[in-house]
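The values are calculated or read from the model by the stated rules, or taken from the named source; none is laboratory data. This one's a predicted model, so the numbers in the text were calculated from it and none came from an experiment. All Cβ positions, even for glycine, are placed from backbone atoms using ideal geometry, and neighbour counts span all protein chains on display.
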Amino acid sequence: MRAFLPPTLLALLLTVAGALPAPATARDEGPGLSRAEAARQARQQVGGGRILDIRREGGGYAVKVLHRGRVQVVRIRGARRGRR
């Protein structure tokens, strides 16, 4: 019975690991801009702050940033990395 425990445990772990969701960055990246990159660009445009929300909008993202007590919505086009 002991000989079957490690292979059975390994098979169970692999089955459970395959059912777990992918990290958010892997799911949200497409051929264009990732959510993380849109957040970075929006934060850079307003001079820092906290990201409150990121939503797909048209071909890009609408990013809500809280900076110095004010909420600003920054629209980031979904162009390829390195372009705007």
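Could you count how many residues in the stretch 37-62 are in a strand (DSSP E or B), under 12 Å from residue 76 (Cα atoms) and charged (D, E, K, R)? Steps first, answer last, please.
Within the stretch 37-62, the subset in a strand (DSSP E or B) is 50-57, 60-62.
Going one step further and asking which of them are under 12 Å from residue 76 (Cα atoms), we end up with 54-57, 60-62.
Those left that are additionally charged (D, E, K, R): 55-57.
Here the count works out to 3.
Could you tell me whether any residue of the stretch 21-36 is touching a strand residue (DSSP E or B) at 6+ places or on another chain (Cβ under 8 Å), among the basic types (Lys, Arg) and modelled with pLDDT of 95 or more? Full working, then the answer.
Filtering the stretch 21-36 down to residues touching a strand residue (DSSP E or B) at 6+ places or on another chain (Cβ under 8 Å) leaves 32-33, 35.
Still in the running and among the basic types (Lys, Arg): 35.
Next, from what is left, pick out any that are modelled with pLDDT of 95 or more: none.
No, the conditions are met nowhere in the stretch 21-36.
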